[in-house]
1. For residue 316 and residue 638, what is the calculated FRET efficiency with R₀ set at 22 Å and r taken between the beta-carbons, to the nearest 0.05?
2. Please report 490, 66, 222 as a ranked list, fewest other C-beta atoms within 10 angstrom at the top and most at the bottom.
3. Name the residues of region 101-115 whose amide N is less than 15 Å from a point 7 angstrom out from the Cα of residue 126 along the C-beta direction?
4. Determine, from the Cβ-Cβ distance of residue 606 and residue 562 and an R0 of 41 Å, the FRET efficiency 1/(1 + (r/R0)^6), rounded to the nearest 0.05.
5. For region 266-310, just say rounded, prolate or oblate: build the C-alpha gyration tensor, square-root its eigenvalues into a ≥ b ≥ c, call rounded for a/c under 1.5, and beyond that prolate if a/b exceeds b/c, oblate if not.
6. Along the Cα→Cβ direction, 7 angstrom out, place labels at residue 433 and residue 404. What is the inter-label distance in nm?
7. Based on the alpha-carbon gyration tensor of region 510-682 and its eigenvalue square roots a ≥ b ≥ c, which shape applies: rounded if a/c is under 1.5, prolate if not and a/b is larger than b/c, or oblate?
8. Where the centre of each part is set by its Cα atoms, how far does region 356-427 sit from region 298-346, in angstrom?
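Throughout, read-outs are computed from the coordinates displayed, never taken from laboratory work. Note that this is a predicted model, so its numbers are computed, not measured. Cβ placement follows ideal geometry from the backbone for every residue including glycine, while neighbour counts extend to all protein chains displayed.
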């Protein structure tokens, strides 16, 4: 059973389960054997389950309801249906898979019945029916309101609905889902409620970020460490674990999932906002470093076990050996590059000196860098410790004592770095979001002559959040360096969660494209077989990465409403696509029959490809993307396919050492969507362009 500990990033029991599934032939084997031998009885059973699934899908409402309680129940129905469909499509027939599908369908039926009951009662109450009690006295809103036995009278018909049909909080493990409007999919999360939870006070929340495994999918992931749950039960912690699209490193759409699930927990349960802690293991440790650095004002601390932190140590490469656009991506996403942002965050980091998956050198690098200026950083290296020691760490009294002691800090002084306008908030200050991507910005607060001086770099406006100020600072004592405008944020702006996707106006790079509702579009002639195959492959690549299929359509099927409603990713060539030609006409780039033109740089088109993200000509609050020519990322692993795609890139088929296609020219647009010399990378110069904007390709 020792071998079971060598499946990356999963608790011990999960590893044993996966190995048992491998031995039984019930794992997530997909198309490697296109014609597996099926027993006739299994085939008949599978078809019967498929018929039952189709009937349930037709009977379930297709669109999410507006009511929050109904939406939560509806999303669970969609999740169970999605899991059943996934097993039928991707798992080999067998007793385990058939039983699992039957279980998911039974859960979907039960949850759908609850949904129908909730929907009916809400409709009756909303019509002020005679059966609904009339208001007597009002009483505070609770996530789980006490009933009449507690001495309360209902204040409105809505209270009746909440009391009768809002799902009651039950102690123990739970599985839930939310509806993600980015791609129209039910996204799962799991969690735990301690026995002591009564909904009458605020409780601390542990946000568990799971490890990497090639086997993770929406079916095979939902397990929490027993030792983590023991800690939660013993010390009264709520626990939630976002799926985060599987193996995204908790970046991009994975990070959005984490924040969305935290917000849901805060809406549905009594969560102490000053005691929300990140707990990351393996890949989740890297995610904890990154998310804590992006949002230092949101978390009371981070517990990191066997996690990565430094890209350059990981890949044994020097920063100066990489082109600027890759430097910007790394500095945007990795903890070591965002070190000042972690100065005021309590962090407890464990790593084993015998870790063969994530070498201890990464943790040591982070410890050397962070220890000198973060007094609340603790690094504990486990002699002889391997990668698979999360349960052991959770059993340590020192770990449990640390978790119970942490509270969110409101520092007087701090320094915050950001490489993207999405990441703009630092404790009680924030920068404007109208800025270019790939440009380093900074805000800092330092004491000066009994005042608090705000300085910035590449930013001329700063927002103050007065309700987040430490008690030792008065607003009248805050001053700014010359050239900086200080504005006061409203309470609504102060308390609004920083949802990824809220950057206005929207910006690249390509990862940002996926953080608003999006659609893949087969551009041009949708009947040409090769183009259709290529488009299908691009859709499959996204589904492999994000664990959900994208919305998809053809250019011929798009109407004006859809053009304005979604971010549109067009795959095709300008010769056959009027939409691509319309987009290119707005940009400082061009495609002719033989050339890609970026400013004054001309590159032969043959054997090369172009990817571009730009503001939409049909709605300035949306983005469009184009992929033309040679497809991107054939040498990249599934979970890193979208790592190094800036606002624009022209590339060839040769791979860089990291697997990405070799860039010939790449960079970020400025805030006005124009080329800028300080963020552009040019590998080779072919020639100077002519003005061809008025020529048809």
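1. Numbers: r = 23 Å, r/R0 = 1.03.
Plugging the Cβ-Cβ distance into 1/(1 + (r/R0)^6) gives 0.45.
2. Fewest to most other Cβ atoms nearby, the residues stand as 66, 490, 222.
3. Residues passing the 15 Å test: 115.
4. With a Förster radius of 41 Å, E is 0.75.
5. Prolate is the answer for region 266-310, as a/c is 1.5 or above and a/b outweighs b/c.
6. 4.0
7. It comes out rounded by the Cα gyration axes.
8. If we compute the Cα centre of each part, the gap is 12 Å.
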